[in-house]
Amino acid sequence: MKILVTGMAGFIGHNLAAHLVRDGHEVTGIDSLNDYYDVALKYGRLADLGFDGRDYAEGEEHVSSKYPSLHFVRMHLESREMLPALFASHRFDAAINLAAQAGVRYSLENPFAYVDSNVVGFVNLLECCRHYPVKHLIYASSSSVYGDNAKVPFSEDDAVEQPVSLYAATKRSDELMAEVYARLFGVASTGLRFFTVYGPWGRPDMSPMLFSDAITAGRPIKLFNNGDMLRDFTYIDDIVEGVVRLLDKAPQGAIPTDIFNIGHGDPVHLMDFISTLEEALGRKAVFEKLPMQAGDVPRTYADTSKLRAKTGYTASTPLREGIGRFVEWYLSDLNPLRKRA
């Protein structure tokens, strides 16, 4: 199968692309390589996939030295010239959209980055899937769409019309636009509401990396809401496996679109998560307790029964095992952001 993976230098995209080519698919990945966080990590992920350069000009296609069936093009998702041209030349069977401006808190500072990537870019992708039809469009939504949902676990049938951040609003917009394109043009699409993904090669603005950096440097960990939070931490391999299992299960019917939660389904108190991290690092944390920050929610908790019914798959990596793998990578030379003594 010929597959487009957007956001390939990102956390999930990097892991998914490697999985897909090992499964025998032909994959073309795109990424803008923006500097929302240290680009050394993005280039490190690309190097892990067999792309060792740093002078990639926009629009140029490169072949992996590690996987001959893996290609990379530096490109903005919102490019109305380059993305259609890529679709026209490759005639993809499927597209997996993981490109997005990530981060809830950053949306308070730079809202236009979210609209450009998550809304304008997604419309551009939908238009490409309309005019150069694919069998299945899979796209990243987020558990953030549930907002401050009091009912747990969060189900795909729950109301999602009260987002508490612009990031969440853009992700809900993607779901609505995908439904419109399914209804009007028959673009078969599946939205995936990811729940707190973690693991090796993870983002430096997320808690595993932030907390590990603080603990190893002896700095205080910032505990918002005084640490009174529950998160449905989901290991990266479980996320990737869920995506792969849905790839050949495109929605059918008059309006071919669907939405699934992908999470572990077993939320962890933030303080227990930190204790597990302390144990793996062999160091104790110190804390700076702070009130809840705007845009955050106190809990996430996925009901994954719909995904299990569709694919037979349930996330299974225990937190201790997942954190152990993360810390092993974090302390290794594979981590481009590792602070050397």
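Any read-out appearing in this document is the output of simple, stated calculations on the displayed coordinates, not a laboratory observation. Because the structure is a prediction, the values reported are computed rather than measured. Cβ sites come from the backbone with ideal geometry, for glycine too, and all protein chains shown count toward neighbours.
A few notes on this one:
- Ratio of Rg to Rh over the chain (Cα coordinates, Kirkwood Rh, two decimals): 0.95
- Lysines with Cα under 28 Å of LYS289, excluding same-chain neighbours fewer than 8 positions away: LYS151, LYS222, LYS339
- Just checking the listed ones, ASN149, ASN97, ASN226: in the Gaussian network model of the chain with Cα springs under 10 Å, the one fluctuating most is ASN226.
- The value of relative contact order for the stretch 12-155, using C-alpha pairs under 8 Å at least six residues apart, is 21 percent.
- The mean sequence distance of close C-alpha pairs (under 8 Å, at least 6 residues apart), as a share of the length of the chain, puts its relative contact order at 17 percent.
- Residue-averaged 222 nm ellipticity for the chain, from DSSP H runs of 4+ at -39500 (n - 2.57), nearest 500: -10500 deg cm²/dmol
- Coil-residue GluC sites (Glu not before Pro) of the stretch 3-96, DSSP, other Cβ within 10 Å capped at 15: GLU58, GLU60, GLU81
- 5 Å-binned pair-distance histogram of the stretch 251-341 (Cα, whole percent): 2, 10, 13, 16, 16, 16, 11, 7, 4, 2, 1, 0
- Sparse-neighbour loop sites [trypsin sites (Lys or Arg not before Pro); the stretch 49-114; at most 10 other C-beta within 10 Å; DSSP]: ARG91
- Separation of the stretch 144-159 and the stretch 46-73, taken as the distance between their Cα centroids, equals 39 angstrom.
- Stokes-Einstein translational diffusion, the stretch 88-154 - Kirkwood Rh over all Cα pairs, 0.890 mPa s, 25 °C, in µm²/s: 177 µm²/s
- Long-range Cα-Cα pairs in the stretch 1-140 (distance over 27 Å), rounded percent: 14 percent
- For the stretch 92-141, the relative contact order works out to 64 percent when only alpha carbon pairs closer than 8 Å and six or more residues apart are counted.
- Part-to-part distance (alpha-carbon centres) for the stretch 88-107 and the stretch 1-42, which is given in Å: 9 Å
- Order of MET82, MET229 - criterion: other Cβ atoms within 10 Å of each residue's Cβ, fewest first: MET82, MET229
- Within the chain, antiparallel bridges make up roughly 10 percent of the DSSP beta bridges whose residues both belong there.
- Ranked by how many other Cβ atoms sit within 10 Å of their own Cβ, fewest first, the residues HIS62, HIS14, HIS131, HIS71 fall in the order HIS131, HIS62, HIS71, HIS14.
- Sparsely packed loop sites in the stretch 110-171 (the GluC sites (Glu not before Pro) outside DSSP H, G, I, E and B with at most 16 other Cβ atoms within 10 Å) comprise GLU161.
- A straight Cα-to-Cα reach below 16 Å connects LYS66 with the aspartates and glutamates ASP23, GLU26, ASP48, ASP52, residues fewer than 8 places away in its own chain not being considered.
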